[in-house]
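A.B. asks: Starting off with a structure, shown below.
The values are calculated or read from the model by the stated rules, or taken from the named source; none is laboratory data. Being a predicted model, the structure only gives us computed values, none of them experimental. Counting neighbours? That spans all protein chains shown, and the Cβs are built from the backbone with ideal geometry, glycine included.
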Amino acid sequence: MSVVSSYTPRRGRNVELVLLIAAVAIVLLAYVNVGVATSESMPPGTMALAGGYLAMAVGFHLVLRWRASYADPLMLPIITLLNGLGLVMIHRIDLANGTSISDGVALRQLMWTGVAVVIAAAVLVVLRDHRVLRRYTYLAGVVGFVLLLLPLMPVIGTSIYGARIWIRIGSMSFQPGEIAKIALAIFFAGYLVQTRDALSVAGRKVLGLTLPRARDLGPILIAWLASLAVLVFERDLGSSLLFFGLFVAMLYVATERVSWIAIGLTLFGAGAYVAYLMFGHVQTRVLLWLDTFSPEALEASDQLAKGLMGMAAGGMFGTGLGRGRPDLTYFAESDFIIPSFGEEIGLVGLFALLMLYVLLVQRGLRTSLGTRDGFGKLLAAGLSFSLALQCFVVVGGVTRVIPLTGLTMPFLSSGGSSLLANWTLVAILLRISDHARRPMPEVNVPHEVGQAHTEVVRMP
Amino acid sequence: MNAPVRRLSIVVAILFASLLVSTTLIQYVFAADLNARPDNRRTLLSTYARERGSILVGQTAVASSVPVDDQFKFQREYSNGELYAHVTGSYSFYGASGGLEQAENAYLSGSSDKLFYRRVSDLFTGRRPQGATLETTLDPAVQRAAAKAMTGIRGAAVALDPKTGAILAMVSQPTFDPNDLAGHDLSALDENYEKLNTDPQRPLVNRSINGDLYPPGSIFKVVTAAAALSTGEYTEDSMLPGPAVLELPGTTASLPNMFPGACGDNDQVSFTRAMAISCNTAFAAVGMDIGADALRAQAEKFGFGDSLSVPMRATPSTIPAELNMPQLAQSSIGQFDVRVTPLQMAMVAAGVANDGAVMKPYLVQSVIGSDLSVIETTDPQELSQAVTPDVAAQLTRMMEAVVTDGSGTRAQIDGVAVAGKSGTAQHGEGRKPHAWFISFAPADDPQIAVAVIAEDGGVTGSEIGGGRVAAPIARQMMEARLK
């Protein structure tokens, strides 16, 4: 017997609005900081930009009030802040590179932010219930794998700086892996909800670990082969690690069997090792990772070394926004945006940034815990974990925890596809959280039912 | 499914914790190492952006940082660049190179630990951090006189204050213009450096302290005489054998004088006269008499074998460890494998001048902070007592004889007693010998000690090179100081 106490659930929309204003204020402060540091004057159009950015965020906030009034109130302020800080840093690197606002990367990023916000809002409006997505499980699977492997197609696939994770159609280039992340999470969630019972049937016991049955190994092997294909042919350890990690994590959540994690790690480790033995580009990556400052490594690429020196230059408190030299590192505004932040806002600032991600992921996982349906639970856990894993792969890559990969930092790095995908990802999380936090509809059952007087009818 | 989600959040926590650790390692624990890497351009650029301290000669800044409107914020400028090139060195995009710029980089750039509290206070007062200024010991008059006298001559000249060891002049010819190596135009910088570095005359080398070591030739006879007088068995009046040619024991080789004939009547010559006319045979005989150990010990007392930082590192002068008799005879007159820097020979002259006490040479008188407070000042320091005051007095009189009535008459100054010694050092068959002169003045109250070398400036087979080419340079330097 559980005791159901009646309470008024807090929607938190007002809290969200206050936090949003605070987030935009911080972004504004950072922007002014950069302007003052680089030209010793207030940057032009400050108020217009801040107003526009605030309008965008508040617009999204209003959509939440309208269509998902119980959604988590922390997620939107967090991604608004991250996206805004990313914009400021990209603008700051534009300035260092001498590009004007009109043809800088920052303006394009701002434009993409607008597109991403609109699309994310549209997702919230159109997708009234996340469970609808379950209907498209296999379609999402096909789309996901196609997107993932699309860059390998001869005409549209493009190799940029060694990693073949781009497609190019006309003048548009796109990183389909970012969208694939969402599609695959939907696919895994739908598929695993269906098959979790079969997949959790116990097989033989080895070394105290209950292994699944051999016939159930099919899906993990397919995911493994696909991730190895990404690693070998797209030369991208990051995407490979992200997708396989996502699959294994969701498999574990669905089946509650640790053995899947063990099998997954073993498979990935073995695959990565074989790839290391067989492919020169993997070896170079590993050399750069383990021995960044050796002459051979520096000859291959001094990018990582430069990023590290940038971070070291920042030290504990950073040089201050606009006062460092993040532009000395290549890709300072995309793959290496974390070292750029490390240099200018210091270790303290970097910790704060990482904590924002932790908070975001934690809200996502909290959503997963609160969701009542298995599909929503799996999807929320998968999307949140993919965010966490991506942060780990990117930051770990530039700080030598793992080999460097070509992934972008969600919300911070420049890149339209990444922004689109991550805003949409958070929109789906918001939709699920709305369900999770929305009170159960009151079922109007007269409480006297059980206590109603019974009449004993005397039988004749 | 909630339990595995909770566990997943622990995995997430571990992932992020590892990132907190890795960023801490980079930005805090190993930050200093990374910042100190020579290929770290950020460090270089930030030292550029800080106003570097000046280098002063007298009250004039010979190296200073001038604000410019580019990413480096400051441009290093050298007024009178060629005159002080080897003292200042240069400071460019690639960092400090040579001279005080390199040797005292920590002070000039302001990164020295001794400036730590100043930097902290700058942080709080909002004052722009600045490097410290160096006040040199150079006497611009002596420096200028030396450079002028050495125009067109390849070689070096060093002048010391014998009583303190302060370096009054440091000239190395040919020289270069450090402004050529201080620009912000990378390709011009590379081109200028390449040109100077491949120049066969090697203008970038500071010949006075760390060029190739030179054979000292006859000026080393001062050391030999010091060793002999210190044994107590010789005085300035001792009579020495001075034949035209000295037969060397255990070999068929012989050692002749640089001039025809014997050094005196009956092949006998007084010690003073032998010094004055630079009699090879007499000094070779004395050297063989006192032995290699005594000679080497005397040389070391004058500073041979010491690694000195003035603060630029000076190459130690050397005397061979093992000497047989013929080699000892050769070494006694500054040939064979005795090798010296001009600074070392100036120290020999200064040691004799200063009653036998050799002072440690130094170039920086004081370090001055940006608020004009004195951060550090150099106190004269005795390196060693090379000879007793009595021996020093005898050596002084012997060296005076060189100038009044010997091979160094061209170093004479009206009304001033000058002590000196000429030298002509052979350095290879068929090449003109180096011309040397060391001296100090006034002999009774020495204000300046000088060593001058003119490479290939001598006359083959003659002792007159040192006296004719190098002595006038030394004289002009001494005159500039005494005026």
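A.B. asks: Kindly provide the set of residues from segment A:307-345 that are within 14 Å of B:Gln27 (Cα to Cα) and surrounded by fewer than 24 Cβ atoms within 10 Å (Cβ to Cβ), ordered by number.
C.D. replies: If the condition is that a residue be within 14 Å of B:Gln27 (Cα to Cα) and surrounded by fewer than 24 Cβ atoms within 10 Å (Cβ to Cβ), then A:Gly315, A:Met316, A:Phe317, A:Gly318, A:Thr319 are the ones that fit.
A.B. asks: So, one more: Quick one: how many residues across segment A:262-275 are surrounded by fewer than 15 Cβ atoms within 10 Å (Cβ to Cβ), of a type in the set (A, V, I, L, M) and either under 13 Å from A:Leu211 (Cβ atoms) or within 14 Å of another protein chain (Cβ to nearest Cβ) (or both)? Give the steps one after another, and end with the answer.
C.D. replies: Taking segment A:262-275 as the starting set, the residues that turn out to be surrounded by fewer than 15 Cβ atoms within 10 Å (Cβ to Cβ) are A:265-266, A:269-270, A:273-274.
From what is left, the residues that are of a type in the set (A, V, I, L, M) are A:265, A:270, A:274.
The next check asks that each one be either under 13 Å from A:Leu211 (Cβ atoms) or within 14 Å of another protein chain (Cβ to nearest Cβ) (or both); those that pass are A:265.
Result for segment A:262-275: 1.
A.B. asks: Which one is farthest from A:Glu344 (Cα to Cα) among residues in segment A:307-330 that are more than 7 Å from chain B (Cβ to nearest Cβ) and without any contact (Cβ under 8 Å) to a residue 60 or more places away in the chain?
C.D. replies: Going residue by residue through segment A:307-330, those that are more than 7 Å from chain B (Cβ to nearest Cβ) are A:307, A:317-324, A:326-327, A:329-330.
Remaining after also requiring without any contact (Cβ under 8 Å) to a residue 60 or more places away in the chain: A:317-319, A:324, A:329-330.
Working: A:Phe317: 8, A:Gly318: 5, A:Thr319: 5, A:Gly324: 6, A:Thr329: 13, A:Tyr330: 16 Å.
Among those residues, the one meeting the criterion is A:Tyr330.
Yes or no, residue by residue, for (1) more than 28 Å from B:Thr88 (Cβ to Cβ); (2) in contact (Cβ under 8 Å) with a residue 40 or more places away in the chain; (3) not in a loop (DSSP other than H, G, I, E, B):
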{"site": "B:Asn266", "(1), (2), (3)": "yes, no, yes"}
{"site": "B:Met275", "(1), (2), (3)": "yes, yes, yes"}
{"site": "B:Gly287", "(1), (2), (3)": "yes, yes, yes"}
{"site": "B:Asp293", "(1), (2), (3)": "yes, no, yes"}
{"site": "B:Gln298", "(1), (2), (3)": "yes, yes, yes"}
{"site": "B:Gly303", "(1), (2), (3)": "no, yes, no"}
{"site": "B:Gln335", "(1), (2), (3)": "yes, yes, no"}
{"site": "B:Leu343", "(1), (2), (3)": "no, yes, yes"}
{"site": "B:Ala346", "(1), (2), (3)": "no, yes, yes"}
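A.B. asks: I would also like to ask the following. Which residues, taken from segment A:312-343, are of a type in the set (Gly, Ala, Ser) and modelled with pLDDT of 90 or more?
C.D. replies: Scanning segment A:312-343 gives A:Ala312, A:Ser340, A:Gly342.
A.B. asks: Then there is this: What's the number of the condition B:Glu51 fails, among (1) within 7 Å of another protein chain (Cβ to nearest Cβ); (2) within 40 Å of the chain's Cα centre (by Cα)?
C.D. replies: Of everything listed in (1) within 7 Å of another protein chain (Cβ to nearest Cβ); (2) within 40 Å of the chain's Cα centre (by Cα), B:Glu51 misses just condition (1).
A.B. asks: Right, something else. Between B:Asn192, B:Asn197, B:Asn206, which is in a loop (DSSP other than H, G, I, E, B) and either of a type in the set (S, T, N, Q) or at positive phi (or both)? Spell out the reasoning first.
C.D. replies: Working: B:Asn192 fails: in a loop (DSSP other than H, G, I, E, B); B:Asn197 fails: in a loop (DSSP other than H, G, I, E, B).
None of the others qualify; the one that does is B:Asn206.
A.B. asks: Name every residue in segment B:382-422 that is surrounded by fewer than 24 Cβ atoms within 10 Å (Cβ to Cβ), within 14 Å of B:Ala470 (Cα to Cα) and not polar (S, T, N, Q), in order of residue number.
C.D. replies: Residue satisfying the conditions is B:Arg410 alone.
A.B. asks: Quick check, is B:Gly423 of a type outside the set (Ser, Thr, Tyr) and out of contact with any Ser or Thr (no Cβ under 7 Å at 6 or more places or on another chain)? Break it down into steps so the answer makes sense when it comes.
C.D. replies: Working: of a type outside the set (Ser, Thr, Tyr): yes; out of contact with any Ser or Thr (no Cβ under 7 Å at 6 or more places or on another chain): no.
When the stated conditions are applied, B:Gly423 does not pass them.
A.B. asks: Given (1) over 24 Å from the mean Cα position of the chain (by Cα); (2) surrounded by fewer than 19 Cβ atoms within 10 Å (Cβ to Cβ), identify the lone condition not met by B:Thr378.
C.D. replies: Answer for B:Thr378: the failing condition is (1).
A.B. asks: Something else now. All but one of (1) within 10 Å of chain B (Cβ to nearest Cβ); (2) farther than 19 Å from B:Ile14 by Cβ; (3) of a type in the set (Ser, Thr, Tyr) hold for A:Ser340; which doesn't?
C.D. replies: (1)
A.B. asks: Would you check if B:Ala85 is part of a helix (DSSP H, G or I) and within 14 Å of another protein chain (Cβ to nearest Cβ)?
C.D. replies: Details: part of a helix (DSSP H, G or I): yes; within 14 Å of another protein chain (Cβ to nearest Cβ): no.
No; evaluated as a whole, the condition is false for this residue.
A.B. asks: Could you check, for segment A:387-395, whether at least one of its residues is part of a helix (DSSP H, G or I), facing another protein chain (nearest Cβ under 9 Å) and either β-branched (Val, Ile, Thr) or in contact (Cβ under 8 Å) with a residue 40 or more places away in the chain (or both)?
C.D. replies: yes
A.B. asks: Which one is farthest from the other protein chains (Cβ to nearest Cβ), of the residues in segment B:33-44 that are of a type in the set (A, V, I, L, M) and in contact with a helix residue (DSSP H, G or I) (Cβ under 8 Å, 6 or more places away or on another chain)? Spell out how you get there, then give the answer.
C.D. replies: In the first step, residues of segment B:33-44 are kept if they are of a type in the set (A, V, I, L, M); the result is B:34, B:36, B:44.
Now narrow it down to the ones that are in contact with a helix residue (DSSP H, G or I) (Cβ under 8 Å, 6 or more places away or on another chain): B:34, B:36.
Details: B:Leu34: 3, B:Ala36: 9 Å.
Selected residue: B:Ala36.
A.B. asks: Taking segment B:54-97 as the search range and keeping residues that are within 19 Å of the chain's Cα centre (by Cα) and surrounded by fewer than 19 Cβ atoms within 10 Å (Cβ to Cβ), which one is modelled with the highest pLDDT?
C.D. replies: B:Glu82
A.B. asks: Report whether or not A:Arg10 is surrounded by fewer than 18 Cβ atoms within 10 Å (Cβ to Cβ) and in contact with a helix residue (DSSP H, G or I) (Cβ under 6 Å, 6 or more places away or on another chain). Talk me through it step by step, then tell me what you get.
C.D. replies: On the way: surrounded by fewer than 18 Cβ atoms within 10 Å (Cβ to Cβ): yes; in contact with a helix residue (DSSP H, G or I) (Cβ under 6 Å, 6 or more places away or on another chain): no.
Spelling it out, it is not the case that A:Arg10 is surrounded by fewer than 18 Cβ atoms within 10 Å (Cβ to Cβ) and in contact with a helix residue (DSSP H, G or I) (Cβ under 6 Å, 6 or more places away or on another chain).
A.B. asks: If we scan segment B:6-29, do we find a residue that is on the phi > 0 side of the Ramachandran plot and either facing chain A (nearest Cβ under 8 Å) or out of contact with any Gly (no Cβ under 6 Å at 6 or more places or on another chain) (or both)? Lay out the reasoning, then the answer.
C.D. replies: Filtering segment B:6-29 down to residues on the phi > 0 side of the Ramachandran plot leaves none.
Scanning segment B:6-29, I find no residue that is on the phi > 0 side of the Ramachandran plot and either facing chain A (nearest Cβ under 8 Å) or out of contact with any Gly (no Cβ under 6 Å at 6 or more places or on another chain) (or both), so the answer is no.
A.B. asks: Quick one: which residue in A:Ser227, A:Ser259 is in a helix (DSSP H, G or I), closer than 27 Å to B:Ser9 by Cβ, within 14 Å of another protein chain (Cβ to nearest Cβ) and at pLDDT below 85?
C.D. replies: On the way: A:Ser227 fails: within 14 Å of another protein chain (Cβ to nearest Cβ).
Only one candidate qualifies: A:Ser259.
A.B. asks: Here are the criteria: (1) farther than 23 Å from B:Ala419 by Cα; (2) crowded, with 17+ Cβ neighbours inside 10 Å; (3) modelled with pLDDT under 90. Tell me which single one B:Gly261 does not satisfy.
C.D. replies: Exception for B:Gly261: condition (2).
A.B. asks: Does at least one position in segment A:269-276 carry a residue that is assigned to a helix (DSSP H, G or I), within 25 Å of A:Ile402 (Cβ to Cβ) and modelled with pLDDT under 80?
C.D. replies: no
A.B. asks: Looking at (1) within 21 Å of the chain's Cα centre (by Cα); (2) buried (at least 20 other Cβ atoms within 10 Å of the Cβ), which is the only condition B:Thr133 fails?
C.D. replies: Only one criterion in (1) within 21 Å of the chain's Cα centre (by Cα); (2) buried (at least 20 other Cβ atoms within 10 Å of the Cβ) is unmet by B:Thr133, namely (1).
A.B. asks: I'm trying to understand the selection: among the residues of segment A:57-95, which are touching a residue at least 24 places away in the same chain (Cβ under 8 Å), farther than 17 Å from A:Leu412 by Cβ and among the aliphatic types (A, V, I, L, M)?
C.D. replies: Answer for segment A:57-95, where residues must be touching a residue at least 24 places away in the same chain (Cβ under 8 Å), farther than 17 Å from A:Leu412 by Cβ and among the aliphatic types (A, V, I, L, M): A:Val58, A:Val63, A:Leu64, A:Ala68, A:Ala71, A:Leu74, A:Leu95.
A.B. asks: Can I ask one more? Report, by residue number, each residue of segment A:64-106 that is surrounded by 21 or more Cβ atoms within 10 Å (Cβ to Cβ), farther than 16 Å from A:Ala50 by Cα and small (Gly, Ala, Ser).
C.D. replies: Passing the criteria: A:Ala68, A:Ala71.
A.B. asks: How about segment A:292-306: which of its residues are within 19 Å of B:Leu25 (Cα to Cα), part of a helix (DSSP H, G or I) and at the interface with another protein chain (Cβ under 10 Å from one of its Cβ atoms)?
C.D. replies: A:Ala305, A:Lys306
A.B. asks: Additional query: Would you check which residues across segment A:352-371 are within 17 Å of A:Gly86 (Cβ to Cβ) and either more than 12 Å from the chain's Cα centre (by Cα) or not in a helix (DSSP H, G or I) (or both) and list them?
C.D. replies: Passing the criteria: A:Ala352, A:Leu353, A:Leu354, A:Met355, A:Leu356, A:Leu359.
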